[in-house]
């Protein structure tokens, strides 16, 4: 039996809600009467107490209003959410691996159940006490519960219950609707399919693209100028999907007009512009975030999971790659005066991944080696390698190339306990069409999750190979999180400070390449 443990979690939650979250106390193991009295007093004063009760613990049963009726072993259990505000926009039934205590509720509300031999037993419950509450978890592994994509959100909502900021859907507008199948259409689909959001308007300087937007989404308003959008009271959120050089000026205009702002990656082209955007968002009390959508790529989620779970030990080197041998894009992506330069394209995703894998901490030093050797009609370089180093010696390299006839691995991650790698695979589409016969085509190699594997050291010269499955498809993860943040005050997944750090690295990398590979020191964000 584990000894009793009580922890305090008073870390702030990034929230649109007006009040700060109350303290959360966690108790595991046997409960003594004096501890129960202390926890009761904390709950009555407004705290949330999370308790994992032990079997036959009458003191805990009296405090929680629940008792353990079955102590079950560690395996995979399916947790069914009982509904209510805490379960809004969450999957109704999800698996988790943990030991489990089936509960009987005596003086508490059942909020989640588990089917055990075809009978549902309470496994999570809530009891109100004074200004606070007691949350009882039959899921014994609280760390697994908090890390879980769905149940971690559910528990967080039980710990910090909030009323929705509004009961109406939030109106979304896209500035820079773009071509068929482009970012405007993507955001339109996401807003249409995410509870709490509604596509309200689109802006584009091309009449043809606005016609396409109306065909795609017949109910939206269209504008040929962003200035007109500022006065549209049906729009709460503006998504800036223009070329990067316009991100800062349009984003600032929309913030000052009272809109929440989402900027496509990269956030902007300089750390100074990013700082201005952050300061302005703070001044006008609006949310600012960046559409770092590829944080939700299934291979990225899987790699993040094994890093967080410690499979590789302490990670000290990360290498990522994207590219091939073909002419670069002939649109604005390859024009440095509009895009910022080659590193601002895929680098916006890869640098963001690397910083997240290293717990969000930006590097201290950056050096870029760049080549222009084949595609002389483009202002972007043909190939670049961005090397980053942290003060503790950790390092990372991002490589992008349009002259790599054999692709490097997308991921190569080294830790003190093992190494993980992910290799691109060809994406070929084959079909037979009547009258035309066999047709085929190739899709961009970076649009599908890569095949991940890991090899870990077991001691005594023994290496163990692991196949790493990709994570389940997360749906519209970014947009769902944005809605949950604005409506329920939940933590914002892509905080603007993080995207500002990415921009600082991109700016330093671009400068280093221009200077022939100079070593750039990045000052810590104040």
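The values are calculated or read from the model by the stated rules, or taken from the named source; none is laboratory data. Because the structure is predicted, anything quoted here is derived from the model rather than measured. Glycine gets a Cβ as well: all are built from the backbone with ideal geometry, and neighbour counts include every protein chain shown.
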Test for residue 209: is it under 26 Å from residue 292 (Cβ atoms) and either over 29 Å from the mean Cα position of the chain (by Cα) or in the same structural domain as residue 333 (by TED's automatic domain parsing) (or both): yes
Condition check: surrounded by 15 or more Cβ atoms within 10 Å (Cβ to Cβ), in contact with a helix residue (DSSP H, G or I) (Cβ under 6 Å, 6 or more places away or on another chain) and touching a residue at least 24 places away in the same chain (Cβ under 8 Å). Does residue 409 satisfy that? no
Those strands (runs of 3 or more DSSP E) lying entirely in region 105-185 with at least 1 residues in the same structural domain as residue 214 (by TED's automatic domain parsing), within 26 Å of residue 483 (Cα to Cα) and touching a helix residue (DSSP H, G or I) at 6+ places or on another chain (Cβ under 6 Å): 170-175
Residue check, residue 469 against (1) out of contact with any helix residue (DSSP H, G or I) (no Cβ under 6 Å at 6 or more places or on another chain); (2) closer than 28 Å to residue 344 by Cβ, all met but one. Which one? (2)
Single unsatisfied condition, residue 119 versus (1) under 30 Å from residue 165 (Cα atoms); (2) at pLDDT below 95: (1)
Can you tell me which residue in region 475-493 is nearest to residue 166 (Cα to Cα), limited to those that are surrounded by fewer than 21 Cβ atoms within 10 Å (Cβ to Cβ) and within 10 Å of the chain's Cα centre (by Cα)? 492
What about residue 482, is it more than 19 Å from residue 309 (Cβ to Cβ) and out of contact with any helix residue (DSSP H, G or I) (no Cβ under 9 Å at 6 or more places or on another chain)? yes
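Test residue 399 against the criterion of being at pLDDT 95 or above and part of a loop (DSSP other than H, G, I, E, B), and give yes or no. Give the steps one after another, and end with the answer.
On the way: at pLDDT 95 or above: yes; part of a loop (DSSP other than H, G, I, E, B): no.
So residue 399 fails the test.
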Hey, among the residues in region 309-319 that are in contact with a helix residue (DSSP H, G or I) (Cβ under 7 Å, 6 or more places away or on another chain) and not in a loop (DSSP other than H, G, I, E, B), which one's surrounded by the most Cβ atoms within 10 Å (Cβ to Cβ)? 318
Residues being more than 30 Å from residue 281 (Cα to Cα) and at pLDDT below 75 - total across region 1-51: 8
Which listed residue, of 181, 132, 171, is surrounded by 20 or more Cβ atoms within 10 Å (Cβ to Cβ) and over 30 Å from residue 102 (Cα atoms): 171
Name the pairs whose Cβ atoms lie under 8 Å apart, with the first residue in region 466-486 and outside the structural domain of residue 310 (by TED's automatic domain parsing) and under 17 Å from residue 450 (Cβ atoms), the second assigned to a loop (DSSP other than H, G, I, E, B) and modelled with pLDDT under 95, and 6 or more positions between them or separate chains? none
Kindly list the number of the only condition in (1) assigned to a helix (DSSP H, G or I); (2) in contact with a strand residue (DSSP E or B) (Cβ under 6 Å, 6 or more places away or on another chain); (3) farther than 27 Å from residue 487 by Cα that fails for residue 305. (2)
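Kindly provide the set of residues from region 38-56 that are in contact with a helix residue (DSSP H, G or I) (Cβ under 9 Å, 6 or more places away or on another chain) and either more than 22 Å from residue 120 (Cα to Cα) or crowded, with 21+ Cβ neighbours inside 10 Å (or both), ordered by number. Even if it seems obvious, please write down each step before you answer.
So the first thing to find is which residues in region 38-56 are in contact with a helix residue (DSSP H, G or I) (Cβ under 9 Å, 6 or more places away or on another chain), and the list is 39-40, 43, 47-54.
Matches in region 38-56: 39, 40, 43, 47, 48, 49, 50, 51, 52, 53.
Hey, any hits in region 373-390 for a residue that's more than 20 Å from residue 322 (Cβ to Cβ), surrounded by 10 or more Cβ atoms within 10 Å (Cβ to Cβ) and touching a residue at least 12 places away in the same chain (Cβ under 8 Å)? Spell out how you get there, then give the answer.
Kept after step one, since they are more than 20 Å from residue 322 (Cβ to Cβ), are these residues of region 373-390: 376-377, 389-390.
Add one more test, that the residue is surrounded by 10 or more Cβ atoms within 10 Å (Cβ to Cβ), and what stays is 389-390.
Retained after the next criterion (residues that are touching a residue at least 12 places away in the same chain (Cβ under 8 Å)): 389-390.
Yes.
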Among the numbered criteria (1) outside any loop (DSSP other than H, G, I, E, B); (2) surrounded by fewer than 22 Cβ atoms within 10 Å (Cβ to Cβ), which one does residue 63 miss? (2)
Looking at region 397-417, which of its residues are farther than 18 Å from residue 450 by Cα and under 25 Å from the mean Cα position of the chain (by Cα)? 397, 415
Examine region 221-237 for a residue that is surrounded by 24 or more Cβ atoms within 10 Å (Cβ to Cβ) and within 23 Å of the chain's Cα centre (by Cα), and state whether such a residue exists. yes
For region 320-336, check the following and say yes or no: at least one residue is within 15 Å of residue 507 (Cβ to Cβ), buried (at least 16 other Cβ atoms within 10 Å of the Cβ) and modelled with pLDDT under 95. yes
Residues to consider are 282, 309, 216; find the one that is under 25 Å from the mean Cα position of the chain (by Cα) and at pLDDT below 95. 309
Regarding region 335-356, can at least one residue be identified that is assigned to a loop (DSSP other than H, G, I, E, B) and out of contact with any helix residue (DSSP H, G or I) (no Cβ under 7 Å at 6 or more places or on another chain)? yes
